[in-house]
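Visitor: Before we start, here is the structure in question, set down as structure tokens.
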Amino acid sequence: MEETPILAALESGVLTLTLNRPQRLNAMSQPLIAALIEQIARARADDAVRCVLLTGTGRGFCAGADLAGSGTGALDADGRPDVGAVMDRLYNPMIRAIRALPKPVVAAVNGVAAGGGANLALACDIVLAARSARFDQAFVRISLIPDLGGTWFLPHTVGDARARALAMLGTSVPAEEAERMGMVWQVVDDAALMDEAGKIARRLAAGPTRSYAAIKDAMNRAGTNTLDQQLDLERDAQRELGRSDDFKEGVAAFLAKRPANFTGR
Amino acid sequence: MAYERILLAREDGLATLTFNAPDRLNAVSRKMIAEIKTCWEELAADASVRAVLITGAGRGFCAGADLADPDRAASAAADSGAALDKYFNPVIRLMRTMPKPIVAAVNGVAAGVGMSFALASDIAIAGRSASFLQAFARIGLLPDGGSTWFLPRLVGDQRARALAMLAPQIPADKAKEWGLIWDVVDDAALMPAATAIARKLADGPTLALARIKGALDKSGANDLSAQLDVERDFQRELGRSDDFKEGVAAFLAKRKPDFKGK
């Protein structure tokens with residue numbers, strides 16, 4: 001039977017994307033990545049989508065590249081895989097698309113997130129993890145480096161010292177420790193994960209979408225900007241947001257002490 | 001000059017700048033930010049000032065831009081980037097480039113750009129009842145006053161995104177646990193503790209403290225190799241200072257150094 005590697009459902013402005021290869025702990029096959037890229041493109045194009053929620057079916061979030069299947073790409077002439085080629089064609093465009101999407105992306109990490117699966121989660125703007133979930137930079141065990149942005153996300157979330165240890169030792173990090181380190185935003189009891197993640201996603205979907213897009217862009221660029229450059233970026237973004245409907249509504253609601261009714265415009 | 005919305009006091013090398021609109025939790029009106037900017041210019045140029053302590057009058061530190069300020073409403077409708085260009089960004093740039101240390105005593109809520117003022121300081125200490133809030137997304141803006149730069153560097157990319165997008169109120173203890181600020185003390189102990197730190201810095205080797213600021217600011221965009229060169233250049237300069245000579249002499253004589261800031 002043909003599998004549907006990504007399930008997609010749009011409700012209340014939230015596009016929920018579910019990694020759906022539970023028999024393989026949602027390990028990433030090439031069709032899965034291609035489908036995820038396609039859905040992120042849809043989220044970008046469709047004004048009805050104001051937030052994306054990413055999760056997995058079954059007991060895992062994502063076990064990384066499907067090493068037993070198509071995850072590492074085709075073999076080249078001398079019988080060795082060109083891992084870089086499949087990264088260029090699929091993995092890296094997927095991560096770039098998530099980071100560049102001008103809408104917030106929430107991850108509900110429902111179980112193990114290993115290798116590329118861990119870094120797929122860390123690419124999301126707000127990561128919630130079930131208490132039983134784990135984050136596992138497994139790459140070094142198969143003689144690779146953390147990819148899908150792992151060598152960027154780790155030092156930018158947990159600091160240089162922890163990043164080096166996690167990458168070199170391949171230590172599996174339990175959800176609660178990941179929260180303490182600042183690798184993820186929040187740990188939630190397993191049974192409450194989808195409720196809590198849904199609540200946050202719906203709240204973001206009802207929020208000032210352009211403000212979130214500007215926050216993402218500013219955070220993406222903060223890593224290489226000087227403070228001086230970043231202050232100019234904030235000025236330009238604030239000028240643009242200052243002309244939005246949502247800013248007008250936000251200030252009016254604040255002064256009237258009522259909840260704001262944002263439209264994303 | 002005489003100020004109305006802030007208080008400025010100087011004592012023996014230590015200047016204290018107090019946001020002074022307590023009935024508005026020290027929300028920043030156009031008049032106040034204009035005064036704040038002039039004040040920082042004055043402090044930066046005054047060689048007798050060797051450290052600055054900032055705090056808020058009353059029960060708030062600074063509630064951010066005053067949305068009810070009639071001056072703001074008139075100009076923000078046209079261009080909300082203009083106020084940043086004219087006032088807020090120059091203030092943050094002055095705070096970071098001023099060659100003297102800044103201590104923030106966060107005595108209550110620090111919201112919006114008020115939180116940015118605390119984060120732009122070199123050492124922020126909060127009273128236990130203080131809280132921090134990136135309120136901007138609540139009104140359809142993004143964090144400004146440098147917070148999109150400070151936050152990822154202080155708490156990492158993941159928490160920075162959540163703080164900016166979800167705009168939760170962060171209690172002082174959590175802020176310390178996350179490294180957003182240096183320390184938390186009981187409310188009653190805040191001003192004595194912050195003043196003691198600011199006093200120590202005002203009596204310290206001012207040039208070295210200035211170069212520490214400069215080096216840490218550069219570290220964000222430098223690779224390690226470039227940073228090693230920065231350290232060499234600054235160290236060379238400091239090695240020629242009076243305070244270095246005094247520091248070494250005092251160390252060898254096992255006495256307290258008497259730094260002059262030269």
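The values are calculated or read from the model by the stated rules, or taken from the named source; none is laboratory data. What you see is a predicted model, and the numbers here were worked out from it, not measured in a lab. All Cβ positions, glycine included, derive from the backbone under ideal geometry; neighbour counts span all protein chains shown.
Visitor: So which residues in the stretch A:134-169 are within 24 Å of residue A:90 (Cα to Cα) and outside any helix (DSSP H, G or I), if there are any at all?
Guide: A:135, A:136, A:137, A:143, A:144, A:145, A:146, A:147, A:148, A:149
Let's see how each residue does on (1) at pLDDT 95 or above; (2) not aliphatic (A, V, I, L, M):
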position: B:187; (1), (2): yes, yes
position: B:191; (1), (2): yes, no
position: B:206; (1), (2): yes, yes
position: B:218; (1), (2): no, yes
position: B:255; (1), (2): yes, yes
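Visitor: Go through (1) within 14 Å of chain B (Cβ to nearest Cβ); (2) in a helix (DSSP H, G or I); (3) of a type outside the set (Gly, Ala, Ser) for residue A:128 and report which single condition fails.
Guide: Among (1) within 14 Å of chain B (Cβ to nearest Cβ); (2) in a helix (DSSP H, G or I); (3) of a type outside the set (Gly, Ala, Ser), the lone unmet condition for residue A:128 is (2).
Visitor: Now for a separate question. Would you pick out the residues in the stretch A:199-222 that are more than 9 Å from chain B (Cβ to nearest Cβ) and more than 15 Å from the chain's Cα centre (by Cα)?
Guide: Of everything in the stretch A:199-222, those that are more than 9 Å from chain B (Cβ to nearest Cβ) and more than 15 Å from the chain's Cα centre (by Cα) turn out to be A:199, A:202, A:205, A:206, A:209.
Visitor: Return the residue satisfying two criteria in turn: it lies in the stretch B:146-194 and is touching a residue at least 24 places away in the same chain (Cβ under 8 Å) and of a type in the set (Val, Ile, Thr), and of such residues it is nearest to the other protein chains (Cβ to nearest Cβ).
Guide: Checking each candidate, the answer is B:155.
Visitor: Also: Is it true that residue A:178 is under 23 Å from residue B:164 (Cβ atoms), in the same structural domain as residue A:81 (by TED's automatic domain parsing) and touching a residue at least 60 places away in the same chain (Cβ under 8 Å)?
Guide: So residue A:178 fails the test.
Visitor: Could you say whether any residue in the stretch B:15-27 is basic (Lys, Arg) and assigned to a helix (DSSP H, G or I)?
Guide: yes
Visitor: Also: Of these, B:189, B:215, B:202, which one is among the small types (Gly, Ala, Ser) and buried (at least 17 other Cβ atoms within 10 Å of the Cβ)? Can you show your working first?
Guide: On the way: B:189 fails: buried (at least 17 other Cβ atoms within 10 Å of the Cβ); B:215 fails: buried (at least 17 other Cβ atoms within 10 Å of the Cβ).
None of the others qualify; the one that does is B:202.
Visitor: Here's another thing I want to ask about it. Restricting attention to the stretch A:223-263, and to residues there that are in contact (Cβ under 8 Å) with a residue 40 or more places away in the chain and surrounded by 23 or more Cβ atoms within 10 Å (Cβ to Cβ), which single residue is nearest to the other protein chains (Cβ to nearest Cβ)?
Guide: A:250
Visitor: Among the residues that make up the stretch A:153-160, is at least one of them over 22 Å from residue A:120 (Cα atoms) and within 7 Å of chain B (Cβ to nearest Cβ)?
Guide: The answer is no; no qualifying residue exists.
Visitor: Looking at (1) under 30 Å from residue A:239 (Cα atoms); (2) more than 7 Å from chain B (Cβ to nearest Cβ); (3) not hydroxyl-bearing (Ser, Thr, Tyr), which one does residue A:187 not meet, given that it meets all the others?
Guide: Evaluating residue A:187 over (1) under 30 Å from residue A:239 (Cα atoms); (2) more than 7 Å from chain B (Cβ to nearest Cβ); (3) not hydroxyl-bearing (Ser, Thr, Tyr) leaves (1) as the failure.
Visitor: Also: For the stretch A:97-126, name all the residues that are of a type in the set (A, V, I, L, M) and over 15 Å from residue A:152 (Cβ atoms).
Guide: Within the stretch A:97-126, A:97, A:101, A:105, A:106, A:107, A:108, A:109, A:112, A:113, A:114, A:126 meet the criteria.
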